[in-house]
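First comes the structure, then the notes that go with it.
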Amino acid sequence: MENNQQKLDIDIQTHATDNEKYEFEPLQGRPMLQWRGKRPFKSTHYYPAQLKESFGEPANDWMNKLYWGDNLQVLSHLLRDYRGKIQLIYIDPPFDSKADYKKKVELRGKEINNDYNSFEEKQYTDIWTNDDYLQFMYERLIVMRELLSENGCIYLHCDYRKVHHLRCLMDEIFGVNRFLNEVIWCYKSGGAGDRGYARKHDTILLYSKTKDFAFNQIKEKSYMFPWSGQNPAQTYYEDDKGRYTLVNVKDYWTDIGMIATSSHERQGYPTQKPEALLERIIKASSNKGDIVLDCFMGCGTTQAVAMKLGRKFIGADINLGAVETTVKRLLGVREEVETGQMSLEESEKLYTGFEVYNVNNYDVFRNPVQAKELLMEALEIQTLHNNPIFDGEKDGRKVIIMPVNRIAAQEDVINLARNLDYKSYEKKKKDHPHSPVDLITLVCMGHEPDIAAKFVKETGYNIDVEVLDVLRDRKDLCFKRDSEADIQIENGKLVIRSFYPMNLLQKISMFKEDIKDWRELVDAVYIDWDYDGETMKPAEIDIPGDRELVKGQYDIPEGARNIKIRIVDLLSEAYEGEIYNG
């Protein structure tokens, strides 16, 4: 991974794009939330994106976009072309729930689910230490504000854990006067409340960028119980529950429940939200043709609803499983829209094409949740449990794993330095004034110059800091085994004879039964019959139903020569190969 960030300085007043960094105006005259290690976020770099796949065709010169990568880098990338152009942002970020969220992975074609043909795969972790969570959200919300249009709005979905902090952050970044609503989404599921009131709601904070925000009033039913006669000034309706009038939707929503276990919406993704919730939000704060952004995409509910409602959309997630799930979901929505299975207005049958990008070459680790574990194992680092600063220890040195799949920046080490145990360092300095107070190794995947020196300077102590750049110093490390496949051309067909997803096979090696058919391990097959060597444009898309298997054999269309195939396994990891039809 090379540090190929393009240097683009941006003047916030002129929106010029000729220099290196995007800069932000300092926030003044507003209440500010403080936390340990808070650092101003005044600028960010432009990060390049690599187009990987394209589905469908543009409409009105627009293709929807999905990004796989750190969403701060994605948001920074978007600033070049979309600053001040996003009409609606909806985010369902981490709640700091102190939990790991897992997805059940089941072999395809199995009639019985048990411990022998299913397992849980960690999708993401929502465990934060110190005040990292607040800094994480602070930086991203600042860039989101820059992306919003002058009449745009942002919805932040949270719960009791951090709503008080997040509202303070939103007040600081958007302004107290830009607060519009605190929407309470009530539902029946949730804790029983043995030693307190049962928690049965989430909170959605709604802020605008300016006072001239766009809003479409949404109506809901108000039933007349008991019926007291007709008011000539009202229009009445009737259904199986009784007579009702239509009133403006209030700021507590009791008519949208959690997704039922048997619902066709369910994607098997943790913390998935119902489409009805996003439909209300998107209809209220955007119009057809507007751009909707969700940079904590998950399984793509925002994107799916936006496509159905004729909105343009941009999505991002750091988890590859989220991106692959969203791709499959959108392909299903696109088919329903384009084949007329949905009764939409003609003007809504737009913007069904979409592209998939990597940002900053984000492709070393498939699941960032497991990245630290893989690095610790590969480097033979002993884990330090319950340590808020250090991840492990090796050869007498304390080890910190820097953010993976991106270049470690000076801002990262500044934040680390501010959270060190300075009382301990003072004692060590007093006891051994001529020795380093600590021996620290920073493990990273690419880094800006002089981060070790910056780390030492920021602390003000004599610390022995070494930087271990995995991509430079340990190129021999193997974090994952690539998948293998045997693909042949036989009698005018592309035939997949076998498929070996090595990481998946390792995970299911404890199963008591053998894998009789490689198709049990496959989630989807994509084939580009005319691959141009750069961007894959699948024309053959084989996504089976829950209990079904991929076909494995595909008729080759006339004239197909350079063929690219991508086989996605149950972990969302993929084999990619090319074959020439001579």
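Laboratory data are not the source of any read-out in this text; all were calculated from the coordinates shown. The structure displayed is predicted, hence computed values, not measured ones. All Cβ positions, even for glycine, are placed from backbone atoms using ideal geometry, and neighbour counts span all protein chains on display.
Here are the numbers for the structure shown:
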read-out	value
Lysines with Cα under 29 Å of LYS516, excluding same-chain neighbours fewer than 8 positions away	LYS102, LYS103, LYS104, LYS110, LYS122, LYS328, LYS480, LYS493, LYS507, LYS551, LYS564
Relative packing of peptides 377-383, 30-36, 451-457 - highest average C-beta neighbours within 10 Å first	451-457, 377-383, 30-36
Computed magnitude of the charge dipole of the range 444-582 (debye, nearest 20; Cβ of K, R +1, Cβ of D, E -1)	240 debye
Chymotrypsin sites (Phe, Trp or Tyr not before Pro) restricted to DSSP loop in the range 200-278 with at most 15 other C-beta within 10 Å	PHE215, TRP227, TYR236
Dipole of the range 484-580 [Lys/Arg +1, Asp/Glu -1 at C-beta], most positive-end residue of TRP518, ILE508, VAL568	ILE508
Full-stretch length increase - LEU549, GLN50 - with 0.36 nm per residue and alpha-carbon distance subtracted	176.6 nm
Dipole magnitude (debye, nearest 20) for the range 372-467, charges at Cβ of Lys, Arg, Asp, Glu	380 debye
Residue (of VAL467, VAL443, ASN419) at the positive-pole extreme of the range 372-467, dipole from beta-carbon charges	ASN419
Protection proxy ranking, peptides 562-575, 429-442, average beta carbon neighbours within 10 Å, highest first	562-575, 429-442
Full-stretch length increase - GLU578, ASP81 - with 0.36 nm per residue and alpha-carbon distance subtracted	175.6 nm
Among 352-360, 174-182, 57-65, the order from most to least packed when residues are scored by Cβ within 10 Å on average	352-360, 174-182, 57-65
Too-long pairs where the Cα-Cα distance tops 26 Å, listed order kept, from LYS219/LYS308; LYS42/LYS429; LYS429/LYS454	LYS42/LYS429
Fraction of beta bridges assigned by DSSP in the range 372-467 that are antiparallel (%, nearest 5)	35 percent
Net length gained if the chain between ARG561 and LYS516 were fully extended (0.36 nm per residue, minus Cα distance)	13.0 nm
Burial ordering of THR339, THR459, THR254, fewest other beta-carbon atoms within 10 Å first	THR339, THR254, THR459
Estimated distance in nm for a label pair at MET32 and THR339, the labels positioned 7 Å out from Cα along Cα-to-Cβ	5.7 nm
